[in-house]
1. Sort B:755-768, A:137-150 by packing, meaning the average of other beta carbons within 10 Å per residue, with the highest value first.
2. Could you give the size of the charge dipole of the protein assembly as shown about its Cα centre, using +1 on the Cβ of each K and R and -1 on the Cβ of each D and E, expressed in debye and rounded to the nearest 20?
3. When DSSP beta bridges are limited to those with both residues in the range A:6-162, what percentage is antiparallel, rounded to the nearest 5?
4. For the range B:421-484, which semi-axes, largest first and in whole Å, follow from the square roots of 5 times the eigenvalues of its Cα gyration tensor?
5. How large, in Å, is chain B by the Kirkwood hydrodynamic radius built from its alpha-carbon pairs?
6. Compare each residue of the range A:90-106 in its chain alone against the assembly with all protein chains, and report those whose accessible area goes down by 40 Å² or more; 1.4 Å probe, heavy atoms.
7. Going from most exposed to least, what order do B:Asp192, B:Asp44 have by accessible area with a 1.4 Å probe?
8. Among all the aspartates and glutamates, which ones have a C-alpha under 12 Å from B:Lys289's C-alpha, if same-chain residues fewer than 8 places away are not counted?
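The values are calculated or read from the model by the stated rules, or taken from the named source; none is laboratory data. Being a predicted model, the structure only gives us computed values, none of them experimental. With ideal geometry, Cβ positions are generated from the backbone for all residues, glycine too; neighbour counts draw on all protein chains shown. For the accessible areas, the whole protein counts, side chains as well, though only heavy atoms, and no ligand, DNA or RNA atoms are used. Shrake-Rupley method; radii C 1.70, N 1.55, O 1.52, S 1.80 Å.
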Amino acid sequence: MRLTCTVNGDRHEVDDVWEGESLLYVLRERMGLPGSKNACEQGECGSCTVYLDGVPVCACLVAAGQAQGREVGTVEGLAGPGELHPVQEAFLEAGAVQCGFCTPGLLVATDDLVRRSRAEGRRPADAEIREALAGNLCRCTGYEKILDAVRLAADRMAGEAR
Amino acid sequence: MSTPTRTPAGAPSSVGGPGGRIGDDAQRPDGVLKVRGEFAYASDLWMDDMLWGVTLRSPHPYARIRSVDVGPALAVPGVHAVLTSDDVPGEKVYGLELADQPVLALDVVRYQGEPVALVAADHPDTARRAAARIVVDYDVWEPVTDARAALGHPTWNQVHDAPAAVTELSRESAHLHPHGNLVRHLKVRKGDPEPTADVVVVGEYEVGMQDQAFLGPESGLAVPGEDGGVDLYVATQWLHVDQRQICSALAMPPEKVRLTLAGVGGAFGGREDLSMHVHACLLALHTGKPVKMSYNREESFFGHVHRHPATMRYEHGATRDGDLVYVKAEIFLDGGAYASSTPAVVGNAGTMGLGPYVVPNVHVDCYGAYTNNPPCGAMRGFGSVQTAFAYEAQMDALAAELGMDPVELRCRNAMELGSETPTGQVVDSPAPVAELLRRLVAMPLPPEPATGDDVDLRHMPGGVSNTTHGEGVRRGVGYAVAYKNVAFSEGFDDYSTARVRLEVVGGEAVATVHTAAAEVGQGLVTVEQQIARTELGVDAVVVHPKDTAVGSAGSSSASRQTYVTGGAVKAACEAVRGRVLERARGLVGRPAGDLRLDGGKVVSDLEGVALPLADVLGDDAVEETVEWRHRPTQALDPDTGQGFAHVQYAFSAHRAVVDVDTELGLVKVVEMACTQDVGKAINPQAVVGQIQGGTAQGLGLAVMEEILVRDGRVQNPSFTDYLIPTVLDMPPMRIEVLEYADPHAPYGLRGVGEAPNISSGPAVLAAIRQATGLPLRRVPVRPEHLTGT
Amino acid sequence: MEFLQPATWEEALEARAASRDAVPIAGGTDVMVGINFGRLRPALLLDLTRVPELQQWGTDDGAVRLGAGVPYARVITELGDRLPGLAMAARTIGSPQIRNRGTVGGNLATASPAGDAHPALLAAGAEVEVASVRGTRRIPVADFYRGVKRSALADDELVAAVRIPPRTGPQQYSKIGTRNAMVIAVAAFGLALHPDRRAVGTGIGSAAPTPRRAPAAEEFLAGELDGLWESRAELPPATAARFGELVAGAAAPIDDVRGTARYRVHALSVMARRTLTWAWADYRKGDPACA
């Protein structure tokens, strides 16, 4: 089947998609966007987290056809060419990246959390950060530096908002 | 030769700046690519005309193969090749230490998940459907699933029953391999063979099978070369040991089997053994097309070795005052169907299985056995994790028996500089075991648990699942300390190779570091840059892609790469620097000894001469390749296990604070604190990251992580049922990093990665024991253990 | 494999009638796992995410009519006051990403004994509204579950909505998992006090071939509360304990990789006792809905 959707603002049209393919497979193997990662393919790790119409979801659990006509946002679209998003900068500075396989999904989930809290004019508390990121497994860092990075990003993005 | 459209990692970038030297929190050179989603992991590799390879695996843990019919698979449109062991041109078995594992099943399969056949097709789903059509006729046998039974040992019945004497290893179970079911038996004997003591504590312990659960599944892309050879881009821990085994299976010389490291999504030991390496090469050579193989999560559980499950019996004898008199231990490690690194794991468990304590009289028997369970091999902590649960539980039990504070008992018996290990080795660098513990005790404790209406469920055992508002919750605090050898031991010729080049490009001095040392996430590429910047006084350092075009670096395991490859990079930089300064000597008129490199210039401290490197080098590049070794170690005496087996030890200690819902058996780890001596923190931020990550993996084994195997079959090969800690399970940490230099090591550094993975779990167990008063002799602790259900 | 994406409910029902082995998909949290691992290969995937009616909830005939396609995240944010038990259950499900996609309708259609919504639906006394081209029918949720992953849904029917009476008293939900997030229930319990009709609702998850009520416990407690509804007096601890035992007695669990049968029974008794204690404490404080 043919699939048409918008990914990171660009319209993509791909043919010969097998109906059983996931959005994750289509992004990675058919659209040349392998940033979203395939760690478990059963919604248990969050490495493939993308925005679907602005809502973070596991791309591995979205059937390709379900994305027809939708807006998809991936890690590749967080920042413009040659730029870094404040969340990306914060992950680098805080040392929140080791192997980095969980990073793309975490960045999307963090961006969502920080944006939502900023919209409410506040910074997320630690317990809230933990609950918001509980769907993103990381095997390298023990999460401490990821929390540091989220706090750092939230501080900076709150500053931007003012 | 064609290269993949998405090229492998390598990260030839150079985050510059003077901030990236030894001792700085330098940022990763691959970090920007990783946060942008542009870092090419093995599973991201892609070529236009590539095929997808899949593996057909045995559903049975033990069976004879009567026949394999690949015809129905070949008939599926889109299939390009179906291969079996008949298609392996070279040696049909491989292995890290013993070549006993078939590349593809021969006549017998020995574990559930053993690869039987391969399919290459134009879509992964086509390949999977075709593989399902291969007809394999199995004669199913009764599997051997207990390590002690496999070795003909009696099983222990009760904790305090003395086990029957172990005599000859009788053959009660089927022999899984021609040489029997024993992979290795290590004996450590020291002091009085018949010691007696005032106080004796006996305990039996069991550790379940842990999985590395790296997030990036096994993947690689094999590309047939125009010379008839093959290029393999793969996520691995040791390119050259892979190359050796692939060459053997393909019957090809090393120059025809070229490996490049693809981006690695974590390793933790699980990538030491081959997975899809030979398979992808076989398919590529057979079809003449690039072949990608990428395991899914379920296959990953069958595609790599796990941490050895262990059953252990310890007897500790001490004086009334709390001085250890003797320890007797029997340790059984279930190696599963093939040897993998079981011999070395037995070596670690046997030699360090008593913990960082001074024990005058020692009697240890450590066995590694073949069974029909999943093969077990390397995982972070490597034989030391299992024994630490036992020896630290014993120390607590002994303290209770003596009425002593458990930390004081540990400090009283702690190793220190100059102590003799159970293997008769004198510890010849700082061993601040007691200090690590005392610093933990001095750290403030977290606030008491909240109760009543205003509890935040996220802080309670059970979390938002709303199982308690404080009812049944008891707090416990536990301590543990551990040690671990750094680098390869027992006389292994352990070395790394570094090629360093210094040149001026576009007016800027640029160093290039080329090693084959696998970057698996730990940050070795950062360390390589920091060392080159420090030694060569330049800002721009390119880390060459990791490949087999340079000599072996050894494995990214055993906490060894910063030590060994770091040492090699340092040595190669020194050689380059020597040549550059020698050249400069004539130009500046100072002896080379007075000169140094800094800021891309040759500097004399005496006269402040600053000669730009461009003036010294011109268009030349100065390049040196160095093979660097740490001090040699020795094989252990086969009868007594005595000898200088380990080049360096790493020490860490943990304090765990837990809240246990004693009625429901649910555990919330409230805080973890860790002290560790790292000799010299080359990159303090990365050091702390290793401690945090290692702590999380130890916590996971303590309370949730286990591959459940019944009758040789894995019951939970998924992230739905193999649980690793989430951010809600991992508590905040307090960390103190000590830096007591090891005079024998480059920069005085000490390997970091494994020690915190060893001491964290036993501390959690100690805390749970304190909260519940239960003996808890098995990990992971399940709610059933805490509730007697 | 075919992929159909009906834009209206009528189209969806027609497609369902035309292809009885079609697999409906909404949040994909079960279906896609099956497809990704080659365990499920339906001839037709029937995507329900474009049917507007399924994405809505409203009140109807005194009940909240929750469209089958409303994700858990919205149950938490939009219905926490009316359906607190279900909202508490929803908060324990998977991860934020899963709660953004997974639906109560999907939970019902899969009918796994471990489905997190079931105990809350049972306790609240929900009805499942199912439809086909033949018409619409309502099934009390307790009659909906027919076996392990089997339900009363006919092969031409789709779950349209679940109708849940809004709370009239305190509700609680409690779930055992061996991890603090993203965990399948080892055992779960839902409790709803219905002061309006002097009744008690219960639901047990992961401890029998199907989600089920604990009728003996409900009757016992309703009897014990006779008079206490008005006095709002303290509940004797022995009553809570006995309630726990009766709930546990209603379970018929098995040993599996997630837990032993004995533990499940034990945990249910504790969860039932504790949730009752919390619910009654709320009621005594004048839980606003029952003032």
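1. On the way: B:755-768: 31.8, A:137-150: 27.4.
Those peptides, ordered most packed to least, come out B:755-768, A:137-150.
2. So the dipole magnitude of the protein assembly as shown works out to roughly 1600 debye.
3. Working: 9 of 11 bridges.
Restricted to the range A:6-162, the bridges split so that about 80 percent are antiparallel.
4. On the way: eigenvalues 322, 36, 15 Å².
Equivalent ellipsoid of the range B:421-484: 40, 13, 9 Å, largest first.
5. On the way: mean 1/r = 0.0364 Å⁻¹.
Here the Kirkwood hydrodynamic radius works out to 27.4 Å.
6. So the qualifying set is A:Leu92, A:Val97, A:Gln98, A:Cys99, A:Phe101.
7. Details: B:Asp192 75, B:Asp44 0 Å².
Ranking B:Asp192, B:Asp44 by accessible area, largest first, yields B:Asp192, B:Asp44.
8. Counting by Cα, and skipping residues close in sequence, B:Lys289 has these aspartates and glutamates nearby: B:Asp48, B:Asp49, B:Asp122, B:Glu226, B:Asp231.
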